[in-house]
Protein chains: 2
Amino acid sequence: MYMEHLQQSFNVQYNFNVFFTAALFSVENDLFSNFLAGLNPAKAVKKIFFVVDEGVANAHPDLSQNIKNYFSKYNQTQLVQDILVIPGGEIVKNETQYFDKVLEAVNTFGIDRHSFIAAIGGGALLDMVGYAANVSHRGIKHIRIPTTVLSQNDSGVGVKNGINYFNKKNFLGTFSPPAAVFNDEQFLKTLSDRDWRSGIAEAIKVALIKDREFFEWLEANADAMANRNIEAMNYQIWKCAKLHMEHIRSGDPFESGSARPLDFGHWSAHKLEYLTNFEVRHGEAVAMGIALDTIYSQLSGRISSDDSQRVIKLIQALGFELTHPLLQVTAGNSPILQGLEEFREHLGGELTITLLTGIGSGEEVHEMDTELLKQAAEILNHQANLQFN
Amino acid sequence: MYMEHLQQSFNVQYNFNVFFTAALFSVENDLFSNFLAGLNPAKAVKKIFFVVDEGVANAHPDLSQNIKNYFSKYNQTQLVQDILVIPGGEIVKNETQYFDKVLEAVNTFGIDRHSFIAAIGGGALLDMVGYAANVSHRGIKHIRIPTTVLSQNDSGVGVKNGINYFNKKNFLGTFSPPAAVFNDEQFLKTLSDRDWRSGIAEAIKVALIKDREFFEWLEANADAMANRNIEAMNYQIWKCAKLHMEHIRSGDPFESGSARPLDFGHWSAHKLEYLTNFEVRHGEAVAMGIALDTIYSQLSGRISSDDSQRVIKLIQALGFELTHPLLQVTAGNSPILQGLEEFREHLGGELTITLLTGIGSGEEVHEMDTELLKQAAEILNHQANLQFN
């Protein structure tokens, strides 16, 4: 018996917008309402369910009431009056009870595939809610309203969702774009200095591998950002989000291959976050990871010492630490070398690391030299100490 | 402050093949091995992990050993020696312990995104394993090896995965194509008569809404199929799979809209399966659902009584029952009318039902008349009784 095999081939187009605004739920601001109304005018009754980061709810005590007032005025979409407030941060990805709460709400409130789940919070909360929305009814539309610099300029505008499981970061997850992203500058104003600063690390990263001009802009505006200038911060977020989105579009959006240039500086950062039980924030760890891979790029002859010092200077000007004791390569089984091995496993066999060949350009390598890594860590340790002596 | 919004737009192409073969894991059959070798030759070590339906394992006691022998010969891909054997049928979608077992295996055996999870079994098992693979590491490639007529000609070649949750069918799930499908006729030969017959209902369905010529082929070959002729069955599967795949490709693969023409005859079938606790098999329920919506199409003036009787005759020639007491519309809150309402909710507000306008063509309607539905059910009840009197 021979029957010709059947070939299946189809394209799926994904579209979404990232909007920039202030006071998203002010009743004078019709941006959100216009977005909801502009979607295909199905006869279906559309509902919208909100999940809010507890930290954001505390910093913005009127938020829930503002949302209710907003949907009293713009009532084409039916607001689920129960707004779910849960903690932000890695805990919402680590403990499945929060994921379950979103599923329960989908069930209890009859949120269907024409309806929306909107998440207001930092990147971790957005990741978890996006994942819960993606798998409910094979995909309820989700709207991201990121409230931190890190989520507004990076993770919030991307296509990844997930939770941690078996103690492994993003063990469960999906690639799936949001219906829309709304970046509201009001949320930035109440951030702590650490959270305000932390996300800028992703801008340094993307500038270093893709856009020398943006790197120079960051150098020129580092002091303004460190002094909480909102215009400078807004431009940084807009430009960084744009570069991330262009990368996703031009590359391999759902990461079928191994190359992950946007992970520049991240291999050691992931490990450091875990080792410090997330005491070191993602952006802080990324700043240290960038410093490490920049010095490594210099020691391996890819960039000049002048260029690498410009990077170090920018990281310091923004108020980041340069390194951490756990990033040192010591005798025996250094955690940092374990982290390199885990990153290799995570990619599926072949290590792929991006290094710098200049400010604004990178290249992929498939191994790192332990001795050079040790030297790079020591140099940073020395520079960090100089700062304080 | 005004910043231009950022627009994201990208395409993702999905490709996969459905292969037809006999004795897939015979060491002389290099089809499976060639497929694995033909994928992008990354340097990554690829593993393959198998999940097998207990009923299939019992009917094919050499299967596990054959798989081991196969990968001893074709060893470019590393077989995970622990083959997971779990029950088939709706239980694997109802009880999350089976989903968890697949996740645990991914973790324990280090199955990464370059590796494969292959599922051998009926549609329910394939749905569950596909879902577990999709969400593990944001998507491990999954291979479907459907073993029933229903899964070889319909669900196994599609893009839907899922499990039941909160007692709701496919409450959790994803749209995601497999890496490949392998239809092996060997598995059909050990099916019970009920399972052999059941899946043919999907062929009647797709012929009725899309392909008059195929309907005529089914009429001409009904007796051969009822008598377990494998050549006839193979052609039926190939043609039915082809029509399903063409529909997915040409339409809305991930179902962003409400229209679901492939659900012809399914709204009442879903309800009947649940009401009988899956005692009535999916294909059996679909055959009854087709009969009901066909008579309804006639009573509402869309098709002739001659055409509707051809459909009824084909359903009977294949050995299906025409109806079930629970499909009758009675006074008060008939389960069948509840099922219609639940289907409306499932679609998200607007009911969309496909009815026949001829043999080989359908149209969508957005309401059904209770009185006509009652008459249609009574006519079928009468015809079913005639058969036995």
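The values are calculated or read from the model by the stated rules, or taken from the named source; none is laboratory data. Everything numeric here is computed off the predicted structure, so don't read it as measured data. Glycine also receives a Cβ, built like all others from the backbone with ideal geometry; neighbour counts cover every protein chain displayed. These accessible areas exclude ligands, DNA and RNA; they are computed on the full protein's heavy atoms, side chains included. Shrake-Rupley method; radii C 1.70, N 1.55, O 1.52, S 1.80 Å.
Points worth noting:
- Averaging the Cα positions of each part gives two centres, and for the stretch A:239-312 and the stretch A:328-377 these lie 11 Å apart.
- With N as its number of residues, the stretch B:115-243 has a Cα radius of gyration that, divided by 2.2 N^0.38 Å, comes to 1.10.
- Per-residue ellipticity at 222 nm, computed for chain B from helices alone with -39500 (n - 2.57) per DSSP H run of at least four residues, works out to -15000 deg cm²/dmol.
- Those GluC sites (Glu not before Pro) in the stretch B:1-86 that DSSP places in a loop and that have at most 12 other beta carbons within 10 Å: B:Glu4, B:Glu28
- Build a GNM of chain B with springs between Cα atoms under 10 Å apart, and of B:Val45, B:Val181, B:Val157 the one that fluctuates most is B:Val45.
- Global geometry of the stretch A:261-389, whether rounded, prolate or oblate, following the gyration tensor of its Cα atoms and the 1.5 cut on a/c: rounded
- Projected-area average for chain A over all orientations - Cα convex hull basis, square nanometres: 23.1
- Set of the stretch B:119-135 residues, backbone N closer than 13 Å to the point 7 Å along the Cα-Cβ line of B:Glu104: none
- A compact globular protein would have a Cα radius of gyration near 2.2 N^0.38 Å; the ratio found for the stretch B:17-189 is 0.94.
- GNM on chain A, alpha-carbon springs under 10 angstrom: the most fluctuating residue among A:Ser256, A:Ser72, A:Ser304 is A:Ser256.
- Rounded to the nearest 10 square angstrom, A:Ser198 shows an accessible area of 10 square angstrom against a 1.4 Å probe.
- Local net charge near A:Ile359, Cβ-Cβ under 13 Å (Lys/Arg +1, Asp/Glu -1): 0
- Exposure check, 1.4 Å probe, all protein chains in place: A:Phe166 carries approximately 70 Å² of accessible surface.
- Using the Karplus relation 6.51 cos²θ - 1.76 cosθ + 1.60 with θ = phi - 60°, the per-residue 3J(HN,Hα) values for the stretch B:159-164 come to 10, 9, 10, x, 9, 8 Hz, with x marking Gly and Pro.
- Estimated FRET transfer efficiency when R0 is 41 angstrom, pair A:Lys73-B:Thr96 (beta carbons, to 0.05): 0.45
- Tensor-based shape of the stretch A:190-261 (alpha-carbon gyration tensor, a/c under 1.5 rounded, otherwise prolate or oblate): prolate
- Rg/Rh for the protein assembly as shown (Cα atoms only, Rh after Kirkwood) is 1.01.
- Cα shape, the stretch A:44-113, gyration tensor, a/c 1.5 rule: oblate
- With the cut-off at under 19 Å, measuring from each backbone N in the stretch A:12-29 to a point 7 Å along the Cα-to-Cβ line of A:Thr190 picks out A:21-29.
- Helix B:305-317 and the long axis of chain B differ in direction by around 50°, with both axes built from C-alpha atoms.
- Dipole magnitude for the protein assembly as shown: computed about the Cα centre from +1 point charges on Lys and Arg Cβ and -1 point charges on Asp and Glu Cβ, it is near 100 debye.
- Among B:Ser304, B:Phe10, B:Met288 the positive-end extreme of the charge dipole of chain B (Cβ point charges): B:Phe10
- For chain B, a Gaussian network of Cα nodes joined below 10 Å ranks B:Val280, B:Val206, B:Val365 by mean-square fluctuation, and the top entry is B:Val365.
- Solvent-accessible surface ranking, highest first, for A:Leu299, B:Leu380 at 1.4 angstrom: A:Leu299, B:Leu380
- On Cα atoms only, tilt of B:63-73 relative to the major axis of chain B in degrees: 40
- For chain B, the antiparallel share of DSSP beta bridges with both residues in that region comes to about 30%.
- Antiparallel DSSP beta bridges within the stretch B:17-189, as percent of all bridges there, nearest 5: 20
- Projected area, mean over directions - the stretch B:205-340, Cα convex hull, nm²: 9.4
- Cα→Cβ-extended label distance, 7 Å offset, between B:Ala220 and A:Ser305, nm: 8.6
- Where labels lie 7 Å past Cα in the beta-carbon direction, separation of B:Glu54 and A:Ala331 in nm: 5.6
- Given +1 at the Cβ of Lys and Arg, -1 at the Cβ of Asp and Glu and no other charges, the dipole of the stretch B:17-189 around its Cα centre is 560 debye to the nearest 20.
- C-alpha long axis of helix A:96-108 to longest principal axis of chain A, angle in °: 20
- Chain B, relative contact order [Cα under 8 Å, separation at least 6], %: 14
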